[in-house]
Amino acid sequence: MTLRELLKDGERKLQEAQIPEASIDAWYLLEYVTGMNKQQYFLSMGENASDEVTEQYKNLIEKRCEHIPLQYLTGTQDFMGLTFEVNPSVLIPRQDTEILVEEVRKQLRPNDRILDLCTGSGCILIGLLAWGVKKHTGNGLCGLQDNLTGVGADISEAALSTAKRNASLHNIEAQWICGDLFENITGSFQVIVSNPPYIPSREIPGLMPEVCQHEPMGALDGREDGLYFYDRITREAPEYLSPGGWLFFEIGCEQAEAVTGMMKATGFCDVKVTKDLCGLDRVVSGHL
Ligand code: GLN
């Protein structure tokens, strides 16, 4: 079979299995297996695929037909311009979450200590700390060292191992702590950020099979009303924030009113909602 036939066969199988974006995924898997870019593919699509490529590709197509997310098959997802390792122990970083990172960046000051609760793959904390590094090596205009430091916490050991690998992949130093939210956290922070599990339990079975059957349930399930973690984090955060410290949340698009209400009731000021690129409420922030 030629590479082109192999690709078309992959596309057809994904379409039959009703995989959204079948042709894009068929291509990404071929790119992953062969290491070819589009240009190299066009030059050699008439050549026969080796047995090894054929077998590996068909195997991955079969797995994608079972709705295993593409990113768990290729093992990576880009976020904030960095490539992160992902596996079924961590939520796949979402583009929406980049809005959260951008909002935090606007408030960061040199020497800030950041806490990322429910860190998962570590993408939020690493995205923030990497920016501190890039900014100063990038243009050389800013004399100050940002000297940002950070702690990433998660209840899952497997997630934390992934976060640690991602940190070393990007030469980022951070502290990684296993525990239930603030359980093993000490000291104070200028910024606390979290994208906690926020899907109401009853809505989970209605999500795409890629999400509800393959992403870690512990990273999705926000209990009865989806607000369980916002409530706990908001109540405990003031104890760990320095005076004037900031709290940032990613939220589900229908949770803005509830989460702003919680933050205001706990004494946070200038509580504001930021929308994502689709115009949906996505981030809530405020400071002490
Ligand atoms: N912080 C990680 C992310 O934003 C994981 C979030 C989660 O597990 N709920 O991707």
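Summed over region 251-269, residues that are touching a residue at least 12 places away in the same chain (Cβ under 8 Å), more than 19 Å from Tyr198 (Cα to Cα) and out of contact with any Ser or Thr (no Cβ under 8 Å at 6 or more places or on another chain) total 3. Condition check for Ile233 on (1) among the aliphatic types (A, V, I, L, M); (2) touching a residue at least 24 places away in the same chain (Cβ under 8 Å); (3) not in a helix (DSSP H, G or I): one failure, at (3).
Scan the helices (runs of 4 or more DSSP H) fully inside region 1-93 and keep the ones with 1 or more residues being among the basic types (Lys, Arg), modelled with pLDDT of 95 or more and surrounded by fewer than 19 Cβ atoms within 10 Å (Cβ to Cβ). Outline the logic, then answer.
On the way: elements: 3-16, 22-34, 38-44, 51-65, 70-74.
Of the helices (runs of 4 or more DSSP H) lying wholly inside region 1-93, those with at least 1 residues that are among the basic types (Lys, Arg), modelled with pLDDT of 95 or more and surrounded by fewer than 19 Cβ atoms within 10 Å (Cβ to Cβ) span 3-16, 38-44, 51-65.
Restricting attention to region 265-288, the residues that are surrounded by 15 or more Cβ atoms within 10 Å (Cβ to Cβ) and either part of a strand (DSSP E or B) or over 20 Å from the mean Cα position of the chain (by Cα) (or both) add up to 13.
Residues that are surrounded by 21 or more Cβ atoms within 10 Å (Cβ to Cβ) and in a strand (DSSP E or B) were ranked within region 191-230; the one that is farthest from the ligand (Cβ to nearest atom) is Val191.
Being under 25 Å from Val273 (Cα atoms) and away from the ligand (no atom under 11 Å from the Cβ) is the filter here, so list the residues in region 81-94 that pass it.
At the first step, the residues of region 81-94 found to be under 25 Å from Val273 (Cα atoms) are 81, 91-94.
Scanning region 81-94 gives a single hit, Gly81.
A count restricted to region 104-129 and to residues that are under 12 Å from Phe248 (Cβ atoms) and away from the ligand (no atom under 13 Å from the Cβ) stands at 4. Is it the case that region 113-133 has a residue that's surrounded by fewer than 24 Cβ atoms within 10 Å (Cβ to Cβ), charged (D, E, K, R) and in contact (Cβ under 8 Å) with a residue 24 or more places away in the chain? Taking every residue of region 113-133 in turn, at least one turns out to be surrounded by fewer than 24 Cβ atoms within 10 Å (Cβ to Cβ), charged (D, E, K, R) and in contact (Cβ under 8 Å) with a residue 24 or more places away in the chain. Taking the criterion of being among the β-branched types (Val, Ile, Thr) and surrounded by fewer than 22 Cβ atoms within 10 Å (Cβ to Cβ), the only residue of region 234-264 that qualifies is Thr260.
The values are calculated or read from the model by the stated rules, or taken from the named source; none is laboratory data. Since this is a predicted model, take the numbers as computed values, not measurements. Ideal geometry is used to build each Cβ from the backbone, glycine not excepted, and the neighbour counts take in all protein chains shown.
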